[in-house]
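To keep things clear, I will list the structure first and then write my remarks on it.
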Amino acid sequence: MIFKGKVWKFGDNIDTDAIIPARYLTTSDPQELALHCMEDADPAFIKKMKPGDIIVGGKNFGCGSSREHAPIAIKAAGISCVVAKSFARIFYRNSFNMGLPIFESRELGDAVKEGDEITLDSAKGTIVITKANKTFRIAPIPPFMEQLIADGGLMKHIAGK
């Protein structure tokens, strides 16, 4: 899988309430959740970002509650993938279950600036900052998890069998 987009940076410990505030959990409609994606971390985020853009986070991205709404909101907003130094375990699993590609890179967050364009190639295990022509390695996604992403998430994967 290849992802190419503009970077939106967020720091350490971005919790699920920052990703999709609890006040909007009266719905599970992905498009409604998308309207409020990252609202408490950056109130103008959804107006600034474009489909295909990439979120780059710090350590422990997605900490907090176990709600599946957080990866749903990110995916429905049009973010192509999330790269972070590390992810909270439940967010990590929920992301694959919902079909949101996520990748860990300890180095990228310190080297990339908001607004930079990056290209992530999961097959090669690389991320390239386009302007700087700097390359970073990422760990490959296990084949089963790649299949979940390709199928659009766990439920669609199961339904397709």
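Laboratory data are not the source of any read-out in this text; all were calculated from the coordinates shown. What you see is a predicted model, and the numbers here were worked out from it, not measured in a lab. Cβ coordinates were reconstructed from backbone atoms using ideal geometry, including for glycine residues, and neighbour counts include every protein chain displayed.
Assorted remarks:
- Neighbour counts of other Cβ atoms within 10 Å put R137, R67 in the fewest-to-most order R137, R67.
- Considering only N94, N133, N60, the Gaussian network model of the chain with Cα springs below 10 Å gives its largest mean-square fluctuation to N133.
- The protection proxy used here, the mean number of other Cβ atoms lying within 10 Å of each residue, ranks peptides 5-12, 149-156 as follows, highest first: 5-12, 149-156.
- Convex hull volume per residue in cubic angstrom - Cα atoms of segment 114-161: 89 Å³
- Reachable aspartates and glutamates from K124, criterion Cα separation under 19 angstrom, eight or more residues apart if same chain: E104, E107, E146
- Cβ crowding within 10 Å averaged over residues, with 117-123, 77-83 ranked highest first: 77-83, 117-123
- Of the residues F87, S66, N13, the one whose Cα sits farthest toward the positive end of the charge dipole of the chain, with +1 on the Cβ of Lys and Arg and -1 on the Cβ of Asp and Glu, is F87.
- The helix-only estimate of mean residue ellipticity at 222 nm for the chain, built from DSSP H runs of length n ≥ 4 each weighted as -39500 (n - 2.57), is -7500 deg cm²/dmol after division by the residue total.
- For segment 14-161, the extents of the C-alpha atoms along the principal axes are 44, 40, 24 Å, listed from largest to smallest.
- Remark: segment 26-161 carries a charge dipole of roughly 320 debye about the Cα centre, counting +1 on each Lys and Arg Cβ and -1 on each Asp and Glu Cβ.
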